[in-house]
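Here the structure is laid out as structure tokens; the discussion comes afterwards.
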Amino acid sequence: LSKRMNFVREDKSIGEWEFSNADDLEGLRHLVLNDLKQHALPFIERYSRLAEVRKMLESPNKKDWIELGLNADNRVATLDAVQMVEGDKAGAITTLDDGIKSLEQSLTDKSPDLRRRLLRQRGFDIRYLRKRIEESDE
């Protein structure tokens, strides 16, 4: 629900709704409603099903994650959350462990100092989530 309209359009085109006063807003009503009906509502409908979200998150195709508005790091945390909602604590921990490994592998071409810094920054959320899951009673 927080995505920009160009994100949910098939062609990713950017359209602007320009207005400077309340009368202009009334004139935009049809355009805004049309965009919502054609683009936003189908996107919401498609991703309102957890199984569809999980399918996209588990896809090896990065384009699928980007379609959801996620980068590789956000994908790991979101997939983890889906697994926890589904009651799969072991799977969630495995997802986080795999996410850290994947992050480490993606940084192998960086200098040791930069690699450590990026791993600390980008891996913080994943490690934090893992710790919280391990500490949970569920």
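The table that follows gives values for the structure above.
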item: Structure-based [θ]222 nm, the chain - -39500 (n - 2.57) summed over DSSP H runs of at least 4, per residue, nearest 500; result: -21500 deg cm²/dmol
item: Chain lengthening between Asp125 and Asn21 when straightened (0.36 nm per residue, less Cα-Cα); result: 33.2 nm
item: By accessible area with a 1.4 Å probe, ligands and nucleic acids excluded, highest first: order of Met56, Met84; result: Met84, Met56
item: Difference of contour (0.36 nm per residue) and Cα-Cα distance, Thr94 to Ser111; result: 3.4 nm
item: Extension gain from Leu41 to Glu134, taking 0.36 nm per residue of separation minus the Cα-Cα distance; result: 29.8 nm
item: Largest-first principal axis extents of the Cα set of the range 34-86 (Å); result: 35, 23, 14
item: Entry for mean projected area of the Cα convex hull in nm² (calculated from the structure that is shown) out of [x] 11.6; [y] 8.4; [z] 13.9; result: [x]
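The values are calculated or read from the model by the stated rules, or taken from the named source; none is laboratory data. Predicted, not measured: the structure shown is a model, and the values here were computed from it. These area figures cover heavy atoms from the full protein model, side chains too; ligands, DNA and RNA do not enter into them. Shrake-Rupley method; radii C 1.70, N 1.55, O 1.52, S 1.80 Å.
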